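Read the structure below first, then the notes.
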Amino acid sequence: MKLHELRDNPGAAKKRMRVGRGPGSGKGKTGGRGIKGQKSRSGVAIGGYEGGQMPLYQRLPKRGFNKPNRKSYAVINLGIIAKYIESGKLDAGNITEETLVSSGAVRRKLDGVRVLAKGEIGTKVSIEVTGASKGAIEAVEKAGGSLKVTAAAAAE
């Protein structure tokens, strides 16, 4: 095989239809757009238009609100923290948001890390994060550890 013998498989590449290139092409004159009307012209934006009738998206009631500056926290459960401590990826004496990210327990910090109470924690741990649920704080203190919530969450 030589370079000049390279070809696509038969039927792999279909040539583009060149519209509006004379009557012999099969798509000449109006170019498959029919005659007159809005859709035959360039720059058509019909979208949700319903011919003067009130469009469906305007008739339906609107509800809710998306807060543009909403905080988004990375979430981690106590059970996962316990598993990472057992495998030796985390040091129970000093767990911060940075150590959680570097160990791979949390992918990225976002606006902070929030600890939730799902799972069991048996070891004494010292955790310092942006946020935590009441259940998580109770579970850590019950195990003899401390869970400190930093000022970033307290300011909200």
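The values are calculated or read from the model by the stated rules, or taken from the named source; none is laboratory data. Every value quoted in this text rests on a predicted model; they were computed, and no experiment measured them. Positions of Cβ are backbone-derived with ideal geometry, glycine not excepted, and every protein chain shown enters the neighbour counts. When the accessible area is computed, the model is the full protein with side chains, heavy atoms only, and any ligands, DNA or RNA have been set aside. Shrake-Rupley method; radii C 1.70, N 1.55, O 1.52, S 1.80 Å.
I'd like the Karplus ³J(HN,Hα) series for region 75-81: coefficients 6.51, -1.76, 1.60, θ = phi - 60°, whole numbers in Hz, and an x wherever there's a Gly or Pro.
Couplings: 10, 9, 9, 4, x, 6, 4 Hz.
Excluding same-chain residues fewer than 8 positions from Lys39, which aspartates and glutamates have a Cα within less than 18 Å of its Cα?
Correct list for Lys39: Glu50.
Taking H placed 1.01 Å from N in the peptide plane, check which residues at least 5 places from Leu90 or on another chain put their amide H under 5 Å from its amide H.
It is Ile85, by chain and number.
If amide hydrogens are placed 1.01 Å from N in the peptide plane, which non-local residues have theirs closer than 5 Å to the one on Val125?
Under 5 Å from the amide H of Val125 lie the amide H atoms of Gly145, Ser146, each far enough along the sequence or on another chain.
How much accessible area per residue does the chain have, counting only protein heavy atoms and a probe of 1.4 Å, in square angstrom?
Values: 12200 Å² over 156 residues.
Each residue of the chain exposes 78 Å² on average to a 1.4 Å probe.
Normalising by the residue count of region 54-136, find the relative contact order in percent from Cα pairs under 8 Å and 6+ residues apart.
Computed value for region 54-136: 35 percent relative contact order.
Mind listing the long-range amide H neighbours of Asn77? Cut-off is under 5 Å, sequence gap 5 or more, other chains count too, H placed in the peptide plane at 1.01 Å from N.
Leu116
Which lysines, on any chain, are close to Lys118 with Cα under 29 Å apart, when same-chain ones fewer than 8 places away are left out?
Within reach: Lys67, Lys71, Lys83, Lys89, Lys109, Lys134, Lys142, Lys148.
Step through the residues of region 98-106 one at a time and calculate ³J(HN,Hα) from phi using the Karplus curve (6.51 cos²θ - 1.76 cosθ + 1.60, θ = phi - 60°), rounding each to whole Hz and writing x for Gly and Pro.
Whole-Hz 3J(HN,Hα) from phi for region 98-106: 5, 5, 5, 6, 5, 7, x, 5, 10.
Once phi is turned into θ = phi - 60°, what whole-Hz ³J(HN,Hα) does the Karplus curve with 6.51, -1.76 and 1.60 give for every residue of region 38-46, x standing for Gly and Pro?
These are the phi-based 3J(HN,Hα) values: 4, 6, 7, 9, 7, x, 7, 9, 8 Hz.
Among 127-139, 47-59, 103-115, what's the highest-first ranking by average C-beta atoms within 10 angstrom per residue? Write down the numbers at each step before the final one.
Details: 127-139: 19.1, 47-59: 9.0, 103-115: 17.2.
Result, highest mean first: 127-139, 103-115, 47-59.
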